[in-house]
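For reference, the structure discussed in these notes is given below.
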Amino acid sequence: MKIAVRSLLRIFIISIFFLSTNLLEGQHLAGKWEGTVEQKGSGSTYFYTLELSITGEAVSGLATSKSEDGSTAAEFVITGIAEDNRLILQEVKQLKPENPQWCLKSITLNYSKLAAGAQLSGNWTAKGCKPGTMLLKQTASIETEVQEEEFSMTGKWTGNLSQSDRDYGFYYELNLEEAGVGSSFIVSEGNGGSATHALIWLYDESTKQFTLKESYVQERTDPNWKWCIKSGTLKLSRRGMSYFLEGDWSGFIEEHDPELGACAPGSLLLEKPVLTKEIRKEINLMTKPYEDQTDRVVKVGRTVEVSSKDVRIKIWDSGTVDGDYATLFLNGERILNNYRVQKYKRGIPVKLNAEENLLILHAEDLGDIPPNTVAVSVVDGKKETVIVMNSNLKESDAILIRRFKLKE
């Protein structure tokens, strides 16, 4: 009798073990996935979200598909099976909207582990519709595993300076070093050319206030132009994947009494990108061949987020046309070669084949007024972002263009 009971108990424990293993199998495929779905020949990309529950091999859940501009969307009931690292899914019912009816897709996705998170990729078909592809990422994994670089006030900040008595603006850049010293670089869209100022700075962590005070002009392109020696207090903030310094400035004309020679005041808006260790690694991989071949250092000054993979890059001279020749590289590919920058905008349609894309301005020469300074805009169909870039023969300015922001 005791032997029989022991045998039954052993069978029960083994059964529980295999049942538990079977229930746990495929759980790495459960959860929320976000990404894109494309249809062959349509040229359109849709955002796609999966929320899956898995019991044994059985899969159930909801799917949402949305156009890039958000004007159309549909929600579906999903069912399917999980096989090791593969999902076979079917959209069985359209919940929203009632009309029009969307393609009910049969989807096969393969799981793969990434350095930060995981992804599902594969193909889909549907009756009466052209087939397509799908690429999804597990956002929970991304959020927990991606590590941002520690914030530092030092480094490069770029943006715009306005002045109350001018109908045009200035490109303005800060290069902050340790021990509260650094320099500013300013480019006029009108007279004056450009200049570099020495400065001192202070940051109060408790109030998030940044104070700068320019001391004197170190370099200038127009020897006869007198610049404002500026000071101001700016507020640090973060929005999305960028840090910002914003505030007002005042100053006096160099070689004048600070009270008697006061400049018209203005405001400042400066930006510095938030970079993760993964993105920094990607940037280093993208820039290394360029830096090795040109013996120049690439500095990423700004980030631009776009909602489409098809964008237009525009380039022009927003200030004095001074004979600058420039070359643009996108992800290592030359998209504009030795171009003499003009007052009118030159547009270049490009396709962004990665989520993180690097646009480098390579100065072929410095023109009549160094450094090589141009205005560049990125147009994604919904908005246009304008950035002033400047490069010289030792450093090349760069913009990080990000596709499909999955996390606020």
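The values are calculated or read from the model by the stated rules, or taken from the named source; none is laboratory data. Every value quoted in this text rests on a predicted model; they were computed, and no experiment measured them. Cβ placement follows ideal geometry from the backbone for every residue including glycine, while neighbour counts extend to all protein chains displayed.
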Please go through the range 223-242 and give me each residue that is among the aromatic types (Phe, Trp, Tyr) and buried (at least 20 other Cβ atoms within 10 Å of the Cβ), ordered by number.
TRP227
Please find, among THR207, THR211, the residue that is β-branched (Val, Ile, Thr), touching a Leu at 6+ places or on another chain (Cβ under 7 Å) and free of Cβ contacts under 8 Å to residues at least 24 places away in the same chain.
THR211
Out of (1) surrounded by fewer than 20 Cβ atoms within 10 Å (Cβ to Cβ); (2) modelled with pLDDT of 85 or more; (3) not assigned by TED's automatic domain parsing to the domain that holds LEU87, the odd one out for PRO100 is which?
(3)
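Against the definition (part of a strand (DSSP E or B), closer than 21 Å to ALA73 by Cβ, modelled with pLDDT of 85 or more and not β-branched (Val, Ile, Thr)), how does TRP124 come out, yes or no?
In short, yes.
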Contacts under 8 angstrom Cβ, first residue in the range 215-238 being farther than 15 Å from TYR172 by Cβ, partner part of a loop (DSSP other than H, G, I, E, B) and of a type in the set (Lys, Arg), 6 or more apart
LYS235/LYS208; LEU236/LYS208; SER237/LYS208
So the check is Cβ under 6 Å with 6+ separation or different chains; which pairs have a first residue in the range 174-192 that's under 18 Å from VAL300 (Cα atoms) and a second one that's at pLDDT below 90 and of a type in the set (Lys, Arg)?
ASN175/LYS156
The residue that is surrounded by the fewest Cβ atoms within 10 Å (Cβ to Cβ), considering only those in the range 191-222 that are over 28 Å from the mean Cα position of the chain (by Cα) and among the hydroxyl-bearing types (Ser, Thr, Tyr), is SER206
Suppose we filter ARG280, ARG312 for residues that are farther than 29 Å from ALA195 by Cα and part of a strand (DSSP E or B); which single one remains?
ARG312
Among (1) modelled with pLDDT of 85 or more; (2) on the phi > 0 side of the Ramachandran plot, there is one condition ASP257 misses while meeting the rest; what is its number?
(2)
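Identify the residue in the range 362-386 that is more than 17 Å from the chain's Cα centre (by Cα) and either more than 20 Å from ALA326 (Cα to Cα) or modelled with pLDDT of 80 or more (or both) and, among all such residues, is surrounded by the fewest Cβ atoms within 10 Å (Cβ to Cβ).
Step by step, filter the range 362-386, then rank; the result is GLU364.
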Could you look through the range 50-85, keep only residues that are touching a residue at least 40 places away in the same chain (Cβ under 8 Å) and within 29 Å of the chain's Cα centre (by Cα), and pick out the one that is farthest from GLN119 (Cα to Cα)?
ASP69
Can you tell me which of (1) surrounded by fewer than 20 Cβ atoms within 10 Å (Cβ to Cβ); (2) assigned to a strand (DSSP E or B) is the one ARG302 doesn't meet?
(1)
